[in-house]
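Here the structure comes first, spelled out in structure tokens, and everything after it is commentary.
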Amino acid sequence: MSETYDVVVIGSGPAGYVCAIRAAQLGLKVACVESGSYEGGFGGTCLNWGCIPAKTLLESAALAHNLKSQGAQMGVNPIQVEYDFPAAVARSRGIATKLTGGVQFLLKKNKIDIIQGRGRIAGAGRVAVEAGEQSQQLDAKNIVVATGSVMKTFPGFEFDGVKVIGSREALGLETLPGRLVIVGGGFVGVEFADVFNAFGVDVTLIEALDSLVPLEDPEIGKTLERSFKKRGIQVRTKTKVRELDRTSDPLILTVENADGSEGIEKTDLVLMAAGRRPVTEDLGLEENGVTLDGGAIVVNEWCQTSKAGVYAIGDVVAGQPMLAHVGSHEGIVAAEHIAGAGKHPMRYDNIPSVGYCHPEIASIGMTQKQAEDAGHTVVSGKYSLGAHGRALSAGHTEGFVKIIADAKYGEVLGAHMIGHNVSELIAEVGLGRELETTLDEIVGHAHGHPSMAEAVMEAAFSALGRGIHS
């Protein structure tokens, strides 16, 4: 008779491995099934071919950009600097390998059984695992689906790994193209535009909607576009790609401009950054009573699906942002609910969104329009980084911090930032919102000086009509 697990987690990405570890910490017997297919392995896309290697390359890009743009001004004259993109890639791969090995170590440390193979639900409380020609079945009181997502594209722009690539191939390029067209101006697109521009590639960034990073506050997209154009990145918003001639050299990309006219872009390589889709095929979901919506899994605030004993977390969840930190938090919520220790359900209205291009982008909560549409009488405060002491000393004065608050009580409803190191600043607002903080409470705390964090305080002062430096 096979051993019964309290929890079997299918997938070991940021959602799956965190869920497995938390469940084990709570005294449950846990197995984690990992296929090693798609874009992952232990640590999932994030650690292998996503967040971590991409941010490593962005650090290299920042160093390259800073040396070119302001090294001499800062007293570090780059008389002879060579840019070695393969070396930057090798460093990123080394860091990814270290972290994925760390995931395996943590799973073993927490006495979690690692099952190699592709898992699928095979009936109530059963998980079938196939590894080549071998197969086995696991008995599970609870099953957690954490199979993640993969890159997506559309007809005519299918990935071939040579002329049309996705983020995975972009993170492993050994030879840089002279010209690169990036299709999609969301976080993935703008981050890769930043990287390749810093290493001397002629980059054109195409976005179908009105601005870059279109899910963010509109002013952020406009600020980023101005910054990119100063660096020589060609930005084409309100532009749709129509056709790609792969037989020509260079490649010929036909686009539709905002006015409906046809245009041509010549390029050596096309990078598709058009989003991702959840991996839910052939998992035995619908036949076992799990409800899907557009290929993604429907869950409640405890990450439970429509089938008792089956949970879903991470990029496979319907209607939620595909972010590693969302998946990890869902993993903790699911594990604690399974163990009967759940105190806090998922709260999706206080999730930070961060783009690591330069200048960085970060936001949380509502935009001003969303707050007004929700019935709030709104006050807002905006603080420019142009005269901010810490931004000036760092040599990065582009951007601003904006805070949205309820006029009656001063409760902070959202924050929107673009500028140096704002990926770190957003945590203050997120924690504050978790505690229902007000503008008065933010300005009542003496922020360290000089620091980028003071920009949050200054924006709060501005929203109160008491701006000190604005």
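The values are calculated or read from the model by the stated rules, or taken from the named source; none is laboratory data. No experiment lies behind these values; they were computed from the predicted model shown. Positions of Cβ are generated from backbone atoms using ideal geometry, with glycine treated the same way; all protein chains shown enter the neighbour counts.
Quick notes on this one:
- Breaking point among (1) under 23 Å from Leu215 (Cβ atoms); (2) over 25 Å from the mean Cα position of the chain (by Cα), for Gln368: (2)
- Within segment 354-405, tally of residues that are over 15 Å from Ala459 (Cβ atoms), in a strand (DSSP E or B) and not β-branched (Val, Ile, Thr): 2
- Residues in segment 201-248 that are within 23 Å of the chain's Cα centre (by Cα), part of a strand (DSSP E or B) and acidic (Asp, Glu): there are none.
- Criterion: out of contact with any helix residue (DSSP H, G or I) (no Cβ under 7 Å at 6 or more places or on another chain) and either of a type in the set (Lys, Arg) or crowded, with 21+ Cβ neighbours inside 10 Å (or both) - qualifying residue of Val150, Val183, Val203: Val183
- Cys46 vs. criteria modelled with pLDDT under 95, assigned to a helix (DSSP H, G or I) and under 16 Å from Val316 (Cβ atoms): yes
Residues are listed down the side, and each one gets a yes or a no for (1) out of contact with any Ser or Thr (no Cβ under 8 Å at 6 or more places or on another chain); (2) β-branched (Val, Ile, Thr); (3) on the phi < 0 side of the Ramachandran plot:
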{"position": "Ile10", "(1), (2), (3)": "no, yes, yes"}
{"position": "Ala54", "(1), (2), (3)": "no, no, yes"}
{"position": "Leu57", "(1), (2), (3)": "no, no, yes"}
{"position": "Ala64", "(1), (2), (3)": "yes, no, yes"}
{"position": "Ala72", "(1), (2), (3)": "yes, no, yes"}
{"position": "Ile79", "(1), (2), (3)": "yes, yes, yes"}
{"position": "Tyr83", "(1), (2), (3)": "yes, no, yes"}
{"position": "Gly102", "(1), (2), (3)": "yes, no, yes"}
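- Tallying residues that are on the phi > 0 side of the Ramachandran plot and of a type in the set (S, T, N, Q) within segment 421-470 yields 1.
- Qualifying residue in segment 439-453 (condition: over 24 Å from Ile351 (Cα atoms) and either modelled with pLDDT under 95 or in contact with a Gly (Cβ under 7 Å, 6 or more places away or on another chain) (or both)): yes
- Matching residues, segment 79-104, being under 14 Å from Ala62 (Cβ atoms) and either touching a Phe, Trp or Tyr at 6+ places or on another chain (Cβ under 6 Å) or not aliphatic (A, V, I, L, M) (or both): Tyr83, Arg91, Ser92
- Residue count, segment 428-450 (criterion: part of a helix (DSSP H, G or I) and either surrounded by 15 or more Cβ atoms within 10 Å (Cβ to Cβ) or touching a Lys or Arg at 6+ places or on another chain (Cβ under 9 Å) (or both)): 10
- Looking only at segment 27-43, and only at residues there that are surrounded by fewer than 23 Cβ atoms within 10 Å (Cβ to Cβ) and on the phi > 0 side of the Ramachandran plot, the one that is modelled with the highest pLDDT: Gly27
- Number of positions in segment 314-334 that are touching a strand residue (DSSP E or B) at 6+ places or on another chain (Cβ under 6 Å) and in a loop (DSSP other than H, G, I, E, B): 2
- Contact annotation: residue pairs with Cβ atoms under 6 Å, 6 or more positions apart or on different chains, pairing a residue in segment 72-87 that is touching a residue at least 60 places away in the same chain (Cβ under 8 Å) with a partner that is surrounded by 10 or more Cβ atoms within 10 Å (Cβ to Cβ) and not in a loop (DSSP other than H, G, I, E, B), are Tyr83/Ala64.
- Remark: pairs (first residue in segment 432-443, under 17 Å from Ser363 (Cα atoms) and in contact (Cβ under 8 Å) with a residue 40 or more places away in the chain; second residue part of a helix (DSSP H, G or I) and hydroxyl-bearing (Ser, Thr, Tyr); Cβ separation under 9 Å; 6+ apart in sequence or on different chains) are absent.
- Summed over segment 103-130, the residues that are surrounded by 14 or more Cβ atoms within 10 Å (Cβ to Cβ) and not in a strand (DSSP E or B) give a count of 9.
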